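Single-structure report; data block below.
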Amino acid sequence: MAKFFYNKKELRFDKKKFSIWRALLVVGKYVFFSLLVAVIYYAIFSIFFSTDREKQLIAERDYMEREYVRMKEQIEIVESVIEGLEARDRQIYNDIFHSAPPTYMTGRDTGRLDLGTIYEEDENDLIWNVNIRGSRLESISGRINNSIEIINHRLSTEDLDWKTIPSIIPVRDFSIARTGASVGNKFSPFYKTLREHTGFDILSPVGTEVLAAASGTVTLVSRQTTAWGRRIEITHSGGIVTTYSHLQEIMVKKGQKVQQSEVIGRVGNSGTSFAPHLHYEVIVNDNYVDPINYFFADINPSAYQEMMMIALSTGQSMD
């Protein structure tokens, strides 16, 4: 149907002519207003309504925030418990050895959070790491608590004599310079290969007095020309045995009761020995342990640390 308009100049109705530009302008107006209405509608919907996915993400964020706060509180509690257990452990060590525990162990992983980098982690990684650290701390605190409970039980039910613990260095006038190889794979001067070394070599002149490291009973006296040479074995309470090898002189006999610090022999070079020294062993429940770990009650912490470092770095044994 054709459209007309009134021509005022000529006082008549003329037929409207079709114009492509006018049509485009009309279409453009409709499109513009349609987009404007859609944007306004979307903005209003986004402000006052949430999609199922947005609700899920918000719920997950709130859950992670709550979990983070809860795990952080748990870690603080566990760390507080560990600090208390460590204090009890130090007190027990001091009661037994009358000295502070060794401090040569450095760089220990305490499991604490690094607050300097905590905000650089992804939320999922942060929650995961906190959970792992919390589980690790709970496990550590559980083991420490069990050990302390066992110690407390033994202290309350057994009549223990601390002198039965081999806590002194078994030679007279010991100095740090006399520290030799300790337990581990060491180069043998006789076999020219690495061999398992089961004790601690104390370098001393021939004739130096050898002392009983703890009170006990002499259960072996051996006199050989090879291997360990002249050797003494003393059995103590608690499944502990100490041995003293390569002696020049034995001053006790089998079955004899000895007291801690009692002279039992003299350093020598008997048996398969490269130079005069005492090969000293500590055996706990049939397992060879490092004797140096029992010397801390006889020397100060700095000397203990120096002694440990020398023993660990010495690659050749004397037998």
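Checking the structure you have, find out if any residue of region 183-196 is in the same structural domain as PHE296 (by TED's automatic domain parsing), more than 23 Å from GLN305 (Cβ to Cβ), crowded, with 16+ Cβ neighbours inside 10 Å and not hydrophobic (A, V, I, L, M, F, W, C).
yes
Test each condition in (1) under 35 Å from the mean Cα position of the chain (by Cα); (2) hydroxyl-bearing (Ser, Thr, Tyr); (3) part of a strand (DSSP E or B) for THR219 and report the one that comes out false.
(1) is the only condition that THR219 fails.
State whether the residues of region 306-314 include one that is modelled with pLDDT under 85, surrounded by fewer than 20 Cβ atoms within 10 Å (Cβ to Cβ) and in a helix (DSSP H, G or I).
Yes.
Every residue in region 237-250 that is at pLDDT 95 or above and within 37 Å of the chain's Cα centre (by Cα), please.
Within region 237-250, VAL241, THR242, THR243, TYR244, SER245 meet the criteria.
Taking region 169-196, which residues are β-branched (Val, Ile, Thr) and out of contact with any strand residue (DSSP E or B) (no Cβ under 7 Å at 6 or more places or on another chain)?
ILE169, ILE176, THR179, THR193, listed by residue number.
Those residues that are under 22 Å from LEU194 (Cβ atoms) and within 24 Å of the chain's Cα centre (by Cα), I need them from region 271-319; list them, please.
Answer for region 271-319, where residues must be under 22 Å from LEU194 (Cβ atoms) and within 24 Å of the chain's Cα centre (by Cα): ASN287, TYR288, VAL289, ASP290, PRO291, ILE292, MET308, MET309, ILE310, ALA311, LEU312, SER313.
Has region 211-218 got any residue that is out of contact with any Leu (no Cβ under 7 Å at 6 or more places or on another chain), free of Cβ contacts under 8 Å to residues at least 60 places away in the same chain and hydroxyl-bearing (Ser, Thr, Tyr)?
Within region 211-218, one or more residues are out of contact with any Leu (no Cβ under 7 Å at 6 or more places or on another chain), free of Cβ contacts under 8 Å to residues at least 60 places away in the same chain and hydroxyl-bearing (Ser, Thr, Tyr).
The values are calculated or read from the model by the stated rules, or taken from the named source; none is laboratory data. All of these numbers come straight from a predicted model, not from anything done at the bench. Virtual Cβ from ideal backbone geometry, glycine too; neighbours counted across all protein chains shown.
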